[in-house]
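Visitor: Below is a structure I'd like to ask you about.
The values are calculated or read from the model by the stated rules, or taken from the named source; none is laboratory data. Note that the structure is predicted; figures quoted are calculated from it, not measured. Note that each Cβ is placed from the backbone with ideal geometry, even for glycine, and that neighbours are counted across all protein chains shown. Protein only, heavy atoms only, side chains kept; ligands, DNA and RNA dropped before computing areas. Shrake-Rupley method; radii C 1.70, N 1.55, O 1.52, S 1.80 Å.
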Amino acid sequence: MSNQNKPPYGVSRRKFIGTAAAAAGITIVPRHVLGAGFQAPSDTVNVAVVGYRHGMGTSNLLNVARSDNIVALCDCDDSAAARAATARRGIPEKFPKAVYYQDFRQMLEKQKDIDAVVVATPDHNHAMVALTAMQLGKHVYVQKPLTRSIAEARALADAARKYKVVTQMGNQGHSEEGLRLMQEWFNAGAIGQVREVHCWTNRPIWPQGMLRPTDTPAVPEGLDWDLWIGPAPMRPYHPAYHPFSWRAWQDFGAGAMGDMACHVMDASYTVLKLGAPESVVATLAYNFMPPAPEARGYGTRVKYDDSFPPASIINLTFPARGNMPPVKLHWYDGGLLPERPDELEPERKMPESGTIFVGDKGKMWCETYSESPRLIPESAMTAFADRPAKSLPRVPGGRDGHEKNWLDAIRQKGQAVANFDYAGPFTEVVLLGNVALRFPGTRLQWDAPNMKVTNLAEANQFVQPALRTGWTLPT
């Protein structure tokens, strides 16, 4: 079985070899000497966080700091607004010994005590920061989606193997108990074979589907806009991009699917061992701009080639895998929903984000992060009394322990649950949906080994977008 098809749940145990450690001049204090609940200093990982001032970067920083040592903090935004945002969460006071940087390249060049790097920048900078760190032998935790482009996701997975570093993508639901329960229920035949899956999200919750702004406000003092743009095409600063709504723009983010499918689609990708799809089609990628107040009709039809559309439906077709049949996966965002299952009790509501597995013996659903799994209707859950034993390794703390799972894997010289052998191919699937959004109504045939759309050559420019002059991905 290939790494891509293995359920990436296990983390190997670290083996301490006393004689080798002594010969190397390494002093390891056994945990039993310190007592239960204490961590040996030599077991503590020195971590740098890039992109710590906004969004998930702040959360990742605080979670890592529960168990390990924050030695460096880096963010290209040192504006008064950004400093105020982090001050509200007490970050400067919490980490007085950390060295602060604006440029991740200077940080990695100057500071030699960094063992591992958390990358929580906007999507378009993920690959550049992560590859630079891995090339220097640093372990990396990268927020989801792993990258902005398919080619970058492939490059990160290749680099992780080449440099033998411990990796984790920040789709914390992959550490959830519910994911493992669903795998065990499916393996036990609870819903039979699955040929159809529906995944949906209420995102975007940020503005999306806009035209590019034309005004050019001043860059806030302290924000290095050129570094924020990084390898993406240059455009003037605008608050429509930073600090929050960059996800809406195809040069910087990955839209609703990129933001949420790494959570919502994880259950189906993992439980059904989907691998790479054969084809993808975006069946809704056009909307209408509202008409002017004095106008009549439906407004102007717009092709979204700069911002992602406000809503979309994307259909992916996966081939048979071993003894499992082909699967059609349907993705809905922008508030669009699949048809309500007939079996669902009238009083039960569809969650704002979730997944429905349609099996030939029944249906199963879960919510955003693979949590709250149930067979539906509830009577089917009640009838499922002879449930299989819990046979898969669990992650302590579930999704709240996702960062620590990575840190423990570094200590134990194993791999984290969402390592790049899994996260790279999964991200490719997610981002293929965004390529399809460029060509609504056209079914794209996908050759995953060669990373190529075979029936529409012009689509391949979005599989591997060109980088801005002066920027090259490390190899």
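Visitor: Six or more apart or on different chains, Cβ under 6 Å: which pairs go from a residue in the range 83-97 that's within 13 Å of V71 (Cα to Cα) to one that's open to solvent by less than 100 Å² (accessible area, probe 1.4 Å)? Could you list them?
Guide: Pairs that qualify, where the first residue is within 13 Å of V71 (Cα to Cα) and the partner is open to solvent by less than 100 Å² (accessible area, probe 1.4 Å), are F95/I70.
Visitor: Specify which of the listed residues (R53, R66) is at pLDDT 90 or above, in a loop (DSSP other than H, G, I, E, B), open to solvent by less than 60 Å² (accessible area, probe 1.4 Å) and of a type outside the set (V, I, T).
Guide: R53
Visitor: Restricting the search to the range 44-65, which residues are of a type in the set (K, R) and under 20 Å from A409 (Cβ atoms)?
Guide: none
Visitor: Can G362 be described as modelled with pLDDT under 95 and over 20 Å from the mean Cα position of the chain (by Cα)?
Guide: Here the answer is no, as G362 does not meet what is asked.
Visitor: Next question, about the same structure. Between Q111, Q183, Q172, which is in contact (Cβ under 8 Å) with a residue 24 or more places away in the chain, of a type outside the set (D, E, K, R) and surrounded by fewer than 19 Cβ atoms within 10 Å (Cβ to Cβ)?
Guide: Q111
Visitor: Sticking with this structure for a sec: What residue, among those in the range 359-409 that are among the hydroxyl-bearing types (S, T, Y) and in contact (Cβ under 8 Å) with a residue 24 or more places away in the chain, is farthest from A267 (Cα to Cα)?
Guide: The residue in question is S391.
Visitor: Just the residues that are farther than 22 Å from L456 by Cα and among the acidic types (D, E), please, taken from the range 234-287.
Guide: Listed by number, the residues that qualify are D259, D266.
Visitor: Checking L473 against (1) part of a loop (DSSP other than H, G, I, E, B); (2) hydrophobic (A, V, I, L, M, F, W, C); (3) farther than 20 Å from W249 by Cα; (4) open to solvent by less than 40 Å² (accessible area, probe 1.4 Å): exactly one of these is not met. Which one?
Guide: Here L473 clears every test but (4).
Visitor: Answer yes if at least one residue in the range 140-150 is free of Cβ contacts under 8 Å to residues at least 40 places away in the same chain, touching a Leu at 6+ places or on another chain (Cβ under 7 Å) and over 23 Å from Y241 (Cβ atoms), and no otherwise.
Guide: no
Visitor: Right, something else. Just a yes or no: is a residue in the range 390-403 among the β-branched types (V, I, T) and under 19 Å from the mean Cα position of the chain (by Cα)?
Guide: Within the range 390-403, one or more residues are among the β-branched types (V, I, T) and under 19 Å from the mean Cα position of the chain (by Cα).
Visitor: R195 - would you say it is part of a loop (DSSP other than H, G, I, E, B), under 22 Å from W331 (Cα atoms) and among the basic types (K, R)?
Guide: No.
Visitor: Filter the range 74-127 down to the residues that are assigned to a loop (DSSP other than H, G, I, E, B) and among the aliphatic types (A, V, I, L, M), then identify the one that is nearest to I150 (Cα to Cα).
Guide: A120
Visitor: Could you tell me which residue of the range 251-274 is nearest to M128 (Cα to Cα), considering only residues that are open to solvent by 10 Å² or more (accessible area, probe 1.4 Å) and assigned to a loop (DSSP other than H, G, I, E, B)?
Guide: Selected residue: D251.
Visitor: Something else about it: Here are some residues: T147, T132. Which one is open to solvent by less than 40 Å² (accessible area, probe 1.4 Å) and not in a loop (DSSP other than H, G, I, E, B)?
Guide: T132
Visitor: Moving on to the next point. What number of residues in the range 226-250 are outside any loop (DSSP other than H, G, I, E, B) and either free of Cβ contacts under 8 Å to residues at least 24 places away in the same chain or in contact with a strand residue (DSSP E or B) (Cβ under 8 Å, 6 or more places away or on another chain) (or both)?
Guide: Selection size over the range 226-250: 4.
Visitor: OK, next. Can you name every residue in the range 351-366 that is open to solvent by less than 40 Å² (accessible area, probe 1.4 Å), more than 18 Å from F384 (Cβ to Cβ) and in a loop (DSSP other than H, G, I, E, B)?
Guide: P351, S353
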